[in-house]
1. Taking K and R as +1 and D and E as -1, what net charge do the other residues with C-beta under 15 Å from the C-beta of His98 add up to?
2. How would Phe86, Phe28, Phe97 rank on accessible area, largest to smallest, probe 1.4 Å?
3. Please report the accessible area of Ser85 (heavy atoms, 1.4 Å probe, ligands and nucleic acids excluded) in Å², nearest 10.
4. For the chain, modelled as a Gaussian network with Cα springs under 10 Å, which listed residue fluctuates most, Asp30, Asp49, Asp57?
5. Determine the calculated [θ] at 222 nm for the chain from helices alone, applying -39500 (n - 2.57) to every DSSP H run no shorter than 4 residues and normalising by the residue count; nearest 500 deg cm²/dmol.
6. Taking the chain as a Gaussian network, Cα atoms linked when under 10 Å apart, which of Ala27, Ala16, Ala67 shows the biggest mean-square fluctuation?
7. Out of all DSSP beta bridges with both ends in the chain, state the antiparallel percent to the nearest 5.
8. Tilt of helix 58-74 relative to the longest C-alpha principal axis of the chain, in degrees (0 to 90, nearest 10)?
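The values are calculated or read from the model by the stated rules, or taken from the named source; none is laboratory data. Here the structure is a predicted model, which means the values were calculated and not measured. Counting neighbours? That spans all protein chains shown, and the Cβs are built from the backbone with ideal geometry, glycine included. Surface accessibility is based on the protein's heavy atoms, side chains included, excluding ligands, DNA and RNA. Shrake-Rupley method; radii C 1.70, N 1.55, O 1.52, S 1.80 Å.
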Amino acid sequence: MSDCLFCRIIASEIPASIVYETDLVLAFRDINPVAPVHVLVIPKQHYTDIVELADADQALAAAVMGAIAEVARLEGVAETGFRASFNTGAGGGQTVFHAHAHVMGGRRLSLSLG
Ligand code: AMP
Ligand code: ZN
């Protein structure tokens, strides 16, 4: 998807601070972090959101889950605690329509949903 921001990051057309990468997934720092650790985990295959991803490719969805765990370990928050969230659809606060998990930690997070 040439007009998708995250596909352009995958294609190295837009720079990103990459934290972790496999054949299937890419993790990079959010450009506007809301916590000391704020990393986005995305499948390299374009899916609009987590629903489309889970319906189409459960193995890839599992790879995203595995990458969330790996990023949490690499960033030092697996033990202290972190939040992984998938904003889904405009009503869920999604602004970039390529499925992604926010991995946030490094400070105590409130239950606020914003
Ligand atoms: P969402 O609102 O859940 O769709 O999240 C999209 C996220 O992408 C936001 O937290 C943005 O700060 C982040 N973002 C937008 N552009 C970039 C970029 N070029 N590099 C890294 N993160 C970005
Ligand atoms: Zn995309």
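1. Working: positive: Arg8, Lys44; negative: Asp3, Glu13, Asp30, Asp49, Glu52, Asp57.
It works out to a net charge of -4.
2. So, going from the largest accessible area down, we get Phe97, Phe86, Phe28.
3. Ser85 has an accessible surface of roughly 30 Å² with all protein chains in place.
4. Among Asp30, Asp49, Asp57, the largest GNM mean-square fluctuation belongs to Asp57.
5. On the way: 3 runs with 30 residues, N = 114.
When only DSSP H runs of four or more count, the value is -7500 deg cm²/dmol.
6. Most flexible of the set in this elastic network: Ala16.
7. On the way: 17 of 17 bridges.
Rounded to the nearest five, the antiparallel share is 100 percent.
8. 40
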